[in-house]
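So the structure is just underneath, and the comments pick up after that.
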Amino acid sequence: MRIILLGAAGSGKGTQGQLIERHYGFPRISTGDLLRLEVQKGTELGKMVEEIMKAGQLVADELVLEVVKARLQAQDCRSGYVLDGYPRTLNQALLLEQLDRSRPETVLEIQISEEAVLKRLAGRRVCAQCGAVYNNEPGTELQCQACGGKLIIRSDDRPEVIRERFRIYRETVGPLLAHYSRKQVLFPVDGDRTVEEVFEAIKLILDSRISGHQEN
Ligand code: AMP
């Protein structure tokens, strides 16, 4: 099963992706994390995408495809994976389908308002080492509970950049939603609830999708 998480920055994709990974064993693949790693390592690709990412703009499809392609070839993706932040455009969705053709898909669109996003991201910290996401009150957590790495604020989590990312999401998601809705694999999820409540709703959808595909 390929699980695709759609939703604006701050909708809870990362957190829910981690929970899905833990519960179902599908690895979570975040293109944002993969690209940030390239920037951190100072690779050619990293240098090309750094400024675009800081401004909250979308990285060119061919560049994101490079990191996705490499990651999907790994052994742990054989029975399935959760994509967090990919695809973000219809073209990326089509490229993904070419890359990995026959896999059944479930697309979860986590819906949330811009106001809720702004409030949430003010408290978001991420681990500089492993990318784990924390949604705590500012200043309460300093270290990652998973790996002990330092918790930092992402450079694109400033209010003006958050607004820009929300605008881009709204602008680009329409054709993606239409595409997945036509394929009958799109499931909306109300993201303006507690993490646990959202995950319960996601589990209901995924359990029925997974058992449906096992029967076929
Ligand atoms: P995220 O961690 O998913 O919020 O992504 C952070 C940033 O990485 C985005 O604002 C984009 O600049 C870039 N990025 C991540 N995934 C993609 C994608 N699928 N297409 C284009 N840019 C992306």
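Restricting to the range 153-190, name every residue that is closer than 17 Å to LEU108 by Cβ and of a type in the set (Asp, Glu).
Passing the criteria: only ASP190.
Pick out the one residue from GLU200, GLU105, GLU141, GLU196 that is away from the ligand (no atom under 15 Å from the Cβ) and modelled with pLDDT under 90.
On the way: GLU200 fails: modelled with pLDDT under 90; GLU105 fails: modelled with pLDDT under 90; GLU196 fails: modelled with pLDDT under 90.
After applying the criteria, what remains is GLU141.
Across the range 47-57, which residue is nearest to the ligand (Cβ to nearest atom) among those that are within 19 Å of TYR169 (Cβ to Cβ) and part of a helix (DSSP H, G or I)?
Residues of the range 47-57 within 19 Å of TYR169 (Cβ to Cβ): 49, 52-57.
If we keep only those that are part of a helix (DSSP H, G or I) as well, we get 49, 52-54.
On the way: VAL49: 7, ILE52: 6, MET53: 4, LYS54: 8 Å.
Only one residue tops the list, namely MET53.
Hey, any hits in the range 130-149 for a residue that's aromatic (Phe, Trp, Tyr) and out of contact with any Cys (no Cβ under 9 Å at 6 or more places or on another chain)?
Going through the range 130-149, the residues aromatic (Phe, Trp, Tyr) turn out to be 134.
Add one more test, that the residue is out of contact with any Cys (no Cβ under 9 Å at 6 or more places or on another chain), and what stays is none.
There is no residue in the range 130-149 that is aromatic (Phe, Trp, Tyr) and out of contact with any Cys (no Cβ under 9 Å at 6 or more places or on another chain).
I need the full set of residues from the range 58-81 which are outside any helix (DSSP H, G or I) and within 13 Å of the ligand (Cβ to nearest atom), in order please. So that I can check it myself, show each step before the final result.
Quick first cut of the range 58-81, residues outside any helix (DSSP H, G or I) only: 58-60, 73-74, 78-81.
Scanning the range 58-81 gives LEU58, VAL59, ALA60.
Regarding the range 86-98, can at least one residue be identified that is closer than 18 Å to GLY17 by Cβ and in contact with a strand residue (DSSP E or B) (Cβ under 6 Å, 6 or more places away or on another chain)? Steps first, answer last, please.
In the first step, residues of the range 86-98 are kept if they are closer than 18 Å to GLY17 by Cβ; the result is 86-88, 92-93, 96.
Filter once more, keeping what is in contact with a strand residue (DSSP E or B) (Cβ under 6 Å, 6 or more places away or on another chain): none.
No.
Under 6 Å by Cβ, and 6 or more places apart or on different chains, what pairs join a residue from the range 88-114 that is closer than 24 Å to THR15 by Cβ with one that is assigned to a strand (DSSP E or B) and of a type in the set (A, V, I, L, M, F, W, C)?
Listed pairs, sorted by first residue: THR106/ILE3; VAL107/ILE4; VAL107/LEU186; LEU108/LEU5; LEU108/PHE187; LEU108/VAL189; GLU109/LEU6; ILE110/VAL189.
Which condition does ASP190 not pass, out of (1) surrounded by 15 or more Cβ atoms within 10 Å (Cβ to Cβ); (2) under 27 Å from ARG120 (Cα atoms); (3) touching a residue at least 60 places away in the same chain (Cβ under 8 Å), if it passes all the others?
(1)
Can you give me the number of residues within the range 1-46 that are within 13 Å of the ligand (Cβ to nearest atom), among the charged types (D, E, K, R) and either under 20 Å from TYR134 (Cα atoms) or open to solvent by less than 20 Å² (accessible area, probe 1.4 Å) (or both)?
Residues in the range 1-46 being within 13 Å of the ligand (Cβ to nearest atom), among the charged types (D, E, K, R) and either under 20 Å from TYR134 (Cα atoms) or open to solvent by less than 20 Å² (accessible area, probe 1.4 Å) (or both): 4 in total.
Within the range 152-193, track down each residue that is modelled with pLDDT under 95 and basic (Lys, Arg).
Across the range 152-193, the qualifying residues are ARG154, ARG158, ARG163, ARG165, ARG167, ARG170, ARG193.
Considering the range 71-90 alone, what residues qualify as being open to solvent by 10 Å² or more (accessible area, probe 1.4 Å) and farther than 15 Å from LEU6 by Cβ?
If the condition is that a residue be open to solvent by 10 Å² or more (accessible area, probe 1.4 Å) and farther than 15 Å from LEU6 by Cβ, then ARG71, LEU72, GLN73, ALA74, GLN75, ASP76, ARG78, SER79 are the ones that fit.
Under the condition of being touching a helix residue (DSSP H, G or I) at 6+ places or on another chain (Cβ under 7 Å) and under 17 Å from ASP84 (Cβ atoms), which residue from the range 145-161 is nearest to the ligand (Cβ to nearest atom)? Please lay out each step first, then the result.
Pass one, the range 145-161, residues touching a helix residue (DSSP H, G or I) at 6+ places or on another chain (Cβ under 7 Å): 155-157, 159.
Checking which are under 17 Å from ASP84 (Cβ atoms) leaves us with 156-157.
Numbers: ASP156: 6, ASP157: 9 Å.
Of everything passing the filter in the range 145-161, ASP156 is nearest to the ligand (Cβ to nearest atom).
May I ask you to verify whether VAL107 is assigned to a helix (DSSP H, G or I), of a type in the set (A, V, I, L, M, F, W, C) and buried (at least 19 other Cβ atoms within 10 Å of the Cβ)? Reasoning before the result, please.
Details: assigned to a helix (DSSP H, G or I): no; of a type in the set (A, V, I, L, M, F, W, C): yes; buried (at least 19 other Cβ atoms within 10 Å of the Cβ): yes.
No; evaluated as a whole, the condition is false for this residue.
From the list LEU58, LEU63, LEU94, which one is within 18 Å of LEU5 (Cα to Cα) and at pLDDT 95 or above?
LEU94
Please determine whether any residue of the range 101-111 is small (Gly, Ala, Ser) and over 16 Å from LEU176 (Cβ atoms). Don't jump to the end; show me each part of the working.
First, pick out the residues of the range 101-111 that are small (Gly, Ala, Ser): 102.
Then drop every residue that is not over 16 Å from LEU176 (Cβ atoms), which leaves 102.
Yes, there is a match, as at least one residue in the range 101-111 is small (Gly, Ala, Ser) and over 16 Å from LEU176 (Cβ atoms).
With respect to LEU151, is the statement that it is farther than 20 Å from VAL64 by Cβ, in contact with a His (Cβ under 9 Å, 6 or more places away or on another chain) and not small (Gly, Ala, Ser) true?
On the way: farther than 20 Å from VAL64 by Cβ: yes; in contact with a His (Cβ under 9 Å, 6 or more places away or on another chain): no; not small (Gly, Ala, Ser): yes.
No: the conditions fail for LEU151.
The values are calculated or read from the model by the stated rules, or taken from the named source; none is laboratory data. Just so you know, these numbers come straight off a predicted model, no measurement behind them. FYI the Cβ positions are ideal-geometry reconstructions off the backbone, even for glycines, and counts take in every protein chain you see. Side chains are part of the model used for accessible areas, which takes the heavy atoms of the whole protein and leaves out ligands, DNA and RNA. Shrake-Rupley method; radii C 1.70, N 1.55, O 1.52, S 1.80 Å.
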